[in-house]
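Undergrad: Attaching a single structure in structure tokens format; questions to follow.
Just so you know, all these numbers are worked out from the coordinates, no wet-lab data involved. Predicted, not measured: the structure shown is a model, and the values here were computed from it. Every residue, glycine among them, receives a Cβ derived from its backbone with ideal geometry; neighbour counts consider all protein chains shown.
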Amino acid sequence: PMAPRLADTRIGHFSTTVNDFSDDVARSPRKAYVNRWRLEKKDPAAALSEPVKPITFWIDRTIPVKYREPITRGILAWNAAFEKIGFKDAVVVRQQPDDADFDTLDVGVASVRWMTNAQPQFGAIGPSQVDPRTGEIIDADIGFESLSSRSLRTLRSQIIHGSDVTPWARLLQASDAIRESMPGGSPGASAHQHGPQCDHADFAAEQLMYALDVLEARGDIDPAGPEAEKFVTEYLVDVTMHEVGHTLGLRHNFRSSVIYNDRELSDPAFTAAKGLAGSVMEYAPINLPRPGQTGGTPFQTVLGPYDYWAIEYAYKPMPPGTTAEQERAELQRIASRSAEPQLAYGTDEDNFIGIDPESLVFDLGPDPMAFAEKRIAIARDVLARQEGRTLDPKADYSVLLRSINSP
């Protein structure tokens, strides 16, 4: 068995609970171990070393060729966190050949697969299986529902003409909430083997529905054009990073959206470098500017400071000869950083039980009133534009009713 690592509730990791009856003095026999992959340095003495066995994700042959690059980028983005703790290429990606004689659902083959369903119940899921003795993750299979990218491409391809702002800003002004265009987008699939489910991609599709209806009223551009392609690929990077985070053992972090203010979120350079929130495990809305203004990047495509911290706690290798007491002390040192503002953490139960008013989904920034006022301004702008809209003779009238109801 892999050497287990004790979990700490100040940091959001999935955990495996075992009963240890060897100590009859302890208050409880229950111990919680972090769910994590077995990751060991080839050269324990080196500051930066390749692992003995990297965490390998196979891109299933069902993934459309044009989407393999952004999905690969989303997987490999996690290497930045592992490099901070001394691992070079801890996560690798392999492409399943078309004539492969193995299935990516085989035991021990971590994968990303593409699913096409008439009535999908999710946008993307990231389940994993663990060794119940130690919390070692032994398999993970991420699934993408094909309708996600289809909805995004349609969304990005419909933009206002003749405005005084750039096409990208026009998109951001219009695409207020991107979350329920997935038919049957009910809470269906669990994001992991146990614990609260993950509806990240489903809610992303819900916001897309609103944005899609708004943009339908504003004219068309080529859906195969570069702007549409960029929008789809950035979304895929965002969702891939979130689901891979689950398969690395990380829980949701709904409090990380409070660390950046509106000025920072409106800066394209800042958001490209820092992201929208402190963690990709957040449910962050599309980052939208006020009507008539430009804004930051719409999706989270880089790791946040919390993600580095969570990976450090779970995967940091201890020097050879480290005693159990020394390891506990080092883990306490890492976890004691929890009060740092950029490491803000609140997870599912903090949100749905209502314990922490800052652990919200689909919010951005530390001022909820300012965020609400900004979104109301966007919604009013949408409604005003719809009043003077002339529907294309070939269009379905129901899109008008749906877009008016969505704000």
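Undergrad: Less than 10 Å Cβ to Cβ from P51, Lys/Arg counted +1 and Asp/Glu -1: what total charge do the surrounding residues give?
TA: +2
Undergrad: Here's something else I'd like to know. Check Q95: other-chain or 5+ apart residues with amide H under 5 Å from its amide H, H built from backbone geometry?
TA: Amide H to amide H, under 5 Å and 5 or more residues apart or across chains, Q95 pairs with I59.
Undergrad: Once amide H atoms are placed 1.01 Å from N in the peptide plane, what residues at a sequence separation of 5 or more from D139, or on another chain, have their amide H within under 5 Å of its amide H?
TA: Those qualifying (amide H under 5 Å, at least 5 residues apart or on another chain) are Q129.
Undergrad: What does the charge add up to near A110, with Lys and Arg as +1, Asp and Glu as -1, over the other residues with Cβ less than 14 Å from its Cβ?
TA: -2
Undergrad: Treating region 1-132 as a set of equal point scatterers at the Cα positions, no solvent, please give the Debye-formula log₁₀ I(q)/I(0) at q = 0.09, 0.14, 0.16, 0.18 Å⁻¹.
TA: Results for region 1-132 at q = 0.09, 0.14, 0.16, 0.18 Å⁻¹ read -0.38, -0.84, -1.02, -1.18.
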